1. Checking the condition hydrophobic (A, V, I, L, M, F, W, C) and either at positive phi or within 20 Å of the chain's Cα centre (by Cα) (or both), which residue from A83, A110, A132 passes?
2. Do you know which residues across the stretch 90-99 are within 21 Å of A132 (Cβ to Cβ) and surrounded by 10 or more Cβ atoms within 10 Å (Cβ to Cβ)?
3. Got a number for residues in the stretch 153-189 being at pLDDT 95 or above, farther than 25 Å from N220 by Cβ and more than 30 Å from the chain's Cα centre (by Cα)?
4. If Q45 satisfies all but one of (1) of a type outside the set (G, A, S); (2) farther than 23 Å from Y229 by Cβ; (3) touching an Asp or Glu at 6+ places or on another chain (Cβ under 8 Å); (4) surrounded by fewer than 20 Cβ atoms within 10 Å (Cβ to Cβ), what's the number of the condition it fails?
5. Kindly provide the set of residues from the stretch 49-77 that are among the hydroxyl-bearing types (S, T, Y) and crowded, with 21+ Cβ neighbours inside 10 Å, ordered by number.
6. Consider V393 carefully, then state whether it is over 30 Å from Q277 (Cα atoms), in the same structural domain as E259 (by TED's automatic domain parsing), at pLDDT 75 or above and buried (at least 16 other Cβ atoms within 10 Å of the Cβ).
7. Answer with yes or no whether N401 is modelled with pLDDT under 75 and either surrounded by fewer than 21 Cβ atoms within 10 Å (Cβ to Cβ) or not assigned by TED's automatic domain parsing to the domain that holds V263 (or both).
8. Is it the case that the stretch 101-123 has a residue that's more than 16 Å from G149 (Cβ to Cβ) and touching a Ser or Thr at 6+ places or on another chain (Cβ under 6 Å)?
Amino acid sequence: MKLRNRFSSGLAAFMAMSITTGTITPMITPTPSFAQTVNSFSDVQSNYWASQFIQELAMRGVIAGFPDGSFRPEAPVTRAQFAAMLNKAFQKNQIRQATRFVDVRSNYWALNAIQQAYTTGFMSGYPGNRFAPEENIPRQQVLVSLANGLEYRPQSNVEGTLQFFNDSASIAGYARSPIAAATERQIVVNYPNLRFLNPERVATRAQVAAFIYQALVSTNQVAAINSPYIVALNTGEQAPIAVVIPEGTTIPVKYDKAEKILVTQDETAPLTLTVAQNIVTDRGRVVIPAGSQVVGQLKPVKGKKGSQFVADRLIMTGGQEYKINAQSEVITKTETIQKGSRLNSALKNAALGAGAAAAVSAVTGDRAIATEEVLGGAAIGGLIGAFFGRNSVDLIVINPNTDLQMTIGQNLQVSLK
């Protein structure tokens, strides 16, 4: 087998998908790893599209994280790493004799896993008796491997099944029948767009986790997960489509916890804002629902003695999460807190950054401020010393419901149903 601009005025929607890959990192290391859950992975939030797949496989010891506590869901997977995952996920009798691959050393960490993946029928080699263990594995190879290893055969017309995918013409000849079988068994998971298989794209750690988990579901070894990205041909549900929100789109936001925010001119403070109203296309389709959250930071702006909100993540009301490049205008309005000032009016209905709280406490001598909650729950005790001896401090004053409206800095693709 051969392997090989403003949104209110309009928005163009199109079917598209991109997968980000990173440096080659091990999916399964040759040394044993302890069981983990998704909550322990620093880079997999609970609302990440593949979090349930990752969590379940981590609990079963099929996949593991890294010593730094990360999972690296967008990192690519090599053929050797995939073989190691298969070894942990499936128990199957051999259907053929082992072979010696010329590019797999006798002391290679995944030698046994590669031999088992081969003898059980999950994986095959390349011409010349090569296995290419360090080669990144494409998505179609992962699906072919699972369908072949589980001995699935298509029950319906192959081409008719594959017509579901808008990019079915990109599926290699050797992969068409196995992928049709995998699709019928609901092993295929396409994020963010059900209709795009992206067969030649390198599979990421998150995608491989989803494929393997669905293969286990198909053999009744684990319970099914409710995910909108599982391709189910008989559901009749409309497939999600990818929509591009263009650069320059304004996102109106609000902050319900305080009427104003105070920060020093040189501090960085975490902040989560709420989308104040629906962002819609010219046809009235909601692409960012009101109530969605924008997570980011208030950051100092060099040379302007001001502060600016810089967004990192957009979390939709339905839980989908996207990286976002957006920022507010620079806010330079200040308020001076002086020694002996009466703070009732200055701090009424205000939220303080840790630096601002420390500055106010040091300048006014009001230690009670140090016990109040500040943005991000940061501790301010260690910051107070930096302001001792000062008679006044200038703080940036931010009205979160007007000053923090932000503009998207580059096209943002989201998935809609």
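The values are calculated or read from the model by the stated rules, or taken from the named source; none is laboratory data. It should be emphasised that the depicted structure is a prediction, and the values quoted were computed from it without experimental measurement. Cβ placement follows ideal geometry from the backbone for every residue including glycine, while neighbour counts extend to all protein chains displayed.
1. Result of the check over A83, A110, A132: A132.
2. R96, A98, T99
3. Summing the residues that are at pLDDT 95 or above, farther than 25 Å from N220 by Cβ and more than 30 Å from the chain's Cα centre (by Cα) in the stretch 153-189 gives 2.
4. (2)
5. S51
6. Yes; evaluated as a whole, the condition is true for this residue.
7. Considered against the rule, which asks whether it is modelled with pLDDT under 75 and either surrounded by fewer than 21 Cβ atoms within 10 Å (Cβ to Cβ) or not assigned by TED's automatic domain parsing to the domain that holds V263 (or both), N401 comes out as no.
8. no
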